[in-house]
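Comments concern the structure below.
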Amino acid sequence: MFAAKWIICVFSYNRGQLLMNLVDSARTFYSEFEIVIFDDSSNEPYTQQILSSLQTDNIKVVSSNKRSDDSKHGGLYAQMNAALNYATNHSYDFAYFVQDDMQFLWRDEKLETRVKEVFRQDECMMCNYNFLRKILTDGISDRLIQQQNHQYSFEGFAVADTGIIDLQKARTINLYFPEHSEHGNGKHWYDMG
């Protein structure tokens, strides 16, 4: 059982069947988490049908008014910002960002404990769960440059569109994604300190 308030933020665009697979897996393994779909103006009829059926099935769907084509990611970062705003305005503790082509394959009963352990580091507010598992089993020192005793530099690393966000920390620094690329956002937040 999870003590914190969790939300799964799904980023979607024209992949209805994959979206259904993700939602089914989230319901199966994390039924206590709210699921909100942030759709980037899907225009494919089957995906629109899936979104409609999910909305009547107690899942919130937030659709953008128009798709942004000025990036290879379309309006993904606008959707990520919308998800952050939604999650922080509704007082969630953690947001789990996932793409519509992903699936949950098992329930990790220790997920919250693992995440809280990583987020004890003041500078850490977002982590990719696969990276998190690797850190907790193998350590972090071989992947990041150590600057001082137990302090690591994230220079050159990207901010991903999947992962878990500590929303208390996100609220504190007013986290947002200003760029249209993972590395652009990573550099932005690295430069911010």
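The values are calculated or read from the model by the stated rules, or taken from the named source; none is laboratory data. All values derive from a computational prediction rather than experimental measurement. When we count neighbours, we look across all protein chains shown, and the Cβ atoms used for this are built from the backbone with ideal geometry, even at glycine. Note: accessible area is taken over every heavy atom of the protein model, side chains too, but ligands, DNA and RNA are not part of it. Shrake-Rupley method; radii C 1.70, N 1.55, O 1.52, S 1.80 Å.
Just give me the residues in region 16-38 being assigned to a helix (DSSP H, G or I) and touching a strand residue (DSSP E or B) at 6+ places or on another chain (Cβ under 9 Å), in sequence order.
Residues satisfying the conditions are 18, 19, 22, 23, 26, 27.
Need the failing condition index for residue 15 against (1) under 16 Å from residue 83 (Cα atoms); (2) touching a helix residue (DSSP H, G or I) at 6+ places or on another chain (Cβ under 7 Å), just the number.
Status for residue 15: all satisfied but (1).
Pairs under 9 Å by beta carbon, first residue charged (D, E, K, R) in region 74-96, partner assigned to a loop (DSSP other than H, G, I, E, B) and surrounded by fewer than 23 Cβ atoms within 10 Å (Cβ to Cβ), six or more apart or different chains?
93/3; 93/4; 93/5
Taking region 39-60 as the search range and keeping residues that are of a type in the set (Val, Ile, Thr) and not in a helix (DSSP H, G or I), which one is least open to solvent (accessible area, probe 1.4 Å)?
59
I'd like to check which strands (runs of 3 or more DSSP E) are fully inside region 105-182 and have at least 3 residues that are at pLDDT 55 or above.
Strands (runs of 3 or more DSSP E) meeting the threshold: 163-166.
If residue 90 satisfies all but one of (1) open to solvent by less than 30 Å² (accessible area, probe 1.4 Å); (2) under 17 Å from the mean Cα position of the chain (by Cα), what's the number of the condition it fails?
(1)
What residue, of 12, 31, 64, is over 16 Å from the mean Cα position of the chain (by Cα) and within 22 Å of residue 170 (Cβ to Cβ)?
Testing whether each residue is over 16 Å from the mean Cα position of the chain (by Cα) and within 22 Å of residue 170 (Cβ to Cβ) leaves just 64.
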